[in-house]
1. I need the full set of residues from region 96-126 which are at pLDDT 90 or above and either among the small types (Gly, Ala, Ser) or touching a Lys or Arg at 6+ places or on another chain (Cβ under 7 Å) (or both), in order please.
2. Is it the case that some residue within region 132-139 is among the small types (Gly, Ala, Ser) and at pLDDT below 85?
3. Could you check region 11-53 and list, in sequence order, the residues that are β-branched (Val, Ile, Thr), closer than 14 Å to Arg74 by Cα and over 24 Å from the mean Cα position of the chain (by Cα)?
4. Based on this model, can you work out whether Ala21 counts as open to solvent by 40 Å² or more (accessible area, probe 1.4 Å), at pLDDT 90 or above and in a helix (DSSP H, G or I)?
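The values are calculated or read from the model by the stated rules, or taken from the named source; none is laboratory data. What you see is a predicted model, and the numbers here were worked out from it, not measured in a lab. Here the Cβ positions follow ideal geometry from the backbone for every residue, glycine too, while neighbour counts run over all protein chains shown. Note: accessible area is taken over every heavy atom of the protein model, side chains too, but ligands, DNA and RNA are not part of it. Shrake-Rupley method; radii C 1.70, N 1.55, O 1.52, S 1.80 Å.
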Amino acid sequence: MAWFRVQLTEDEQRIVNEERASHPSLPVRDNMWAIWLLHCGVTRQKAAEIVGVSRATVQRYLDAYRRGGLDAIRRSNVRRPVSELPAFRDIIPASFESQPVCTIAEACDRIEKLTDIRRGPTQVRRFLKALGLKWQRIRAIPVPPKKTQ
């Protein structure tokens, strides 16, 4: 099977040039950048090094372009999980301000009681940081020793 050479039309060149710099999705910008490099005659290995992905990823971009054109490249199949905790952005900080917690484990338990959502310490720590809450170490205030006569 012969190598598939990317030959973009004038309209496609204009679209790829605009979207490789200004598309809101980073994976789509990488796709467009790789397709542009391949159009310019750069090898797949060199395009992969420039874009910062593997050669197999560039090959997947090329296969998607071959199957569906630029519309197939624009589709980003990146799926990220969405947390249910942001729905409780008002309840959780109010609870922590009225009655502060001492540990992250205690924060996990409080969040579970408030929302019926169980999250691990790392996720709770990230969520609380995103809310703007800070970890504050609680310790005794040093008192100078009493003077003896």
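1. Scanning region 96-126 gives Ser98, Ile104, Ala105, Ala107, Cys108, Ile111, Glu112, Gly120.
2. Checking region 132-139: not a single residue is among the small types (Gly, Ala, Ser) and at pLDDT below 85.
3. Matches in region 11-53: Ile15 only.
4. Values: open to solvent by 40 Å² or more (accessible area, probe 1.4 Å): yes; at pLDDT 90 or above: no; in a helix (DSSP H, G or I): yes.
For Ala21, the condition - open to solvent by 40 Å² or more (accessible area, probe 1.4 Å), at pLDDT 90 or above and in a helix (DSSP H, G or I) - is not met.
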